[in-house]
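Read the structure below first, then the notes.
The values are calculated or read from the model by the stated rules, or taken from the named source; none is laboratory data. Predicted, not measured: the structure shown is a model, and the values here were computed from it. Here Cβ is always computed from backbone atoms with ideal geometry, including for glycine, and neighbour counts include all displayed protein chains.
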Ligand code: AMP
């Protein structure tokens, strides 16, 4: 496994691999790796020849300075996990390498996909994600990018972005990996105390209940939202940021169950914001 800290040298290396006809698969991460990240790496390795992982906490995508300051970091642990999970190249850029002269004054927006859910609640977040990925795509020249559907809106936005701007890359979505009690794995889970961690279990339970009630015949989305909100609200440690049924393609709020739906939830658990979702397959 090779480790690079500089964009020029990793770009040269990638070009070398590409000139030999190798397919580059790429997993973007902010580090503090868990099984969710490792599952993306496995998928990416299966789909390409050279697996590249970046570890970079991108300040441009944090709308809350406290969230950025408290974001967990464990580079040594991450490198060990990369090594034992067949990663070929790890890229750990400095801030200066990615944003020479500071974060540039440029922004790509996809209003219809960004004015909802996390885009609405975290202004500037997805613009920051697309800014950094634009740079990474040029540096790493990936053929395949594997992204988690836990961050479903991010996955949809990046897919739309790369298709619309003709990046020669395929965006592949990967299923959410969960803890034994159903909580979606997240680097931010490490910031939950014991009581918060227990309460967080209501999130996957609400997702499951939503799906169950729909499959049992409940069609009224307003009453479903009310039932699930009450369930999450039953813990004083949880505060809902949003809980919505949206169209999985357009991400617009659904008024009725006329096709597949994404039940998307964001919840503050103490000071930690957690997101999760469930794809509800109505048509099959
Ligand atoms: P992050 O380091 O949180 O920016 O996440 C890097 C990538 O890992 C993103 O594509 C996430 O969607 C994905 N990811 C995060 N948590 C999970 C999970 N529990 N299961 C699968 N993928 C995940």
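Filtered by the rule that a residue be farther than 30 Å from residue 254 by Cα and within 17 Å of the chain's Cα centre (by Cα), the range 84-132 gives a lone residue, 132. The listed residues are 141, 131, and the only one of them that is more than 19 Å from residue 186 (Cβ to Cβ) and within 16 Å of the ligand (Cβ to nearest atom) turns out to be 131. Restricting attention to the range 41-73, the residues that are under 24 Å from residue 131 (Cβ atoms) and without any contact (Cβ under 8 Å) to a residue 24 or more places away in the chain add up to 3. Exactly one residue out of 141, 130 is under 30 Å from residue 19 (Cβ atoms) and free of Cβ contacts under 8 Å to residues at least 60 places away in the same chain, and it is 130. Exactly one of these conditions fails for residue 21: (1) at pLDDT below 95; (2) on the phi > 0 side of the Ramachandran plot. Give me its number. Single failed check for residue 21: (1). Residues that are closer than 22 Å to residue 11 by Cα and either modelled with pLDDT under 95 or out of contact with any helix residue (DSSP H, G or I) (no Cβ under 7 Å at 6 or more places or on another chain) (or both) within the range 79-88 comprise 79, 82, 83, 88, listed in sequence order.
When the range 166-202 is limited to residues that are free of Cβ contacts under 8 Å to residues at least 12 places away in the same chain and farther than 23 Å from residue 30 by Cα, the one that is nearest to the ligand (Cβ to nearest atom) turns out to be 180. Per the conditions (1) within 13 Å of the ligand (Cβ to nearest atom); (2) touching a residue at least 24 places away in the same chain (Cβ under 8 Å); (3) touching a strand residue (DSSP E or B) at 6+ places or on another chain (Cβ under 8 Å), the sole criterion not satisfied by residue 157 is (3).
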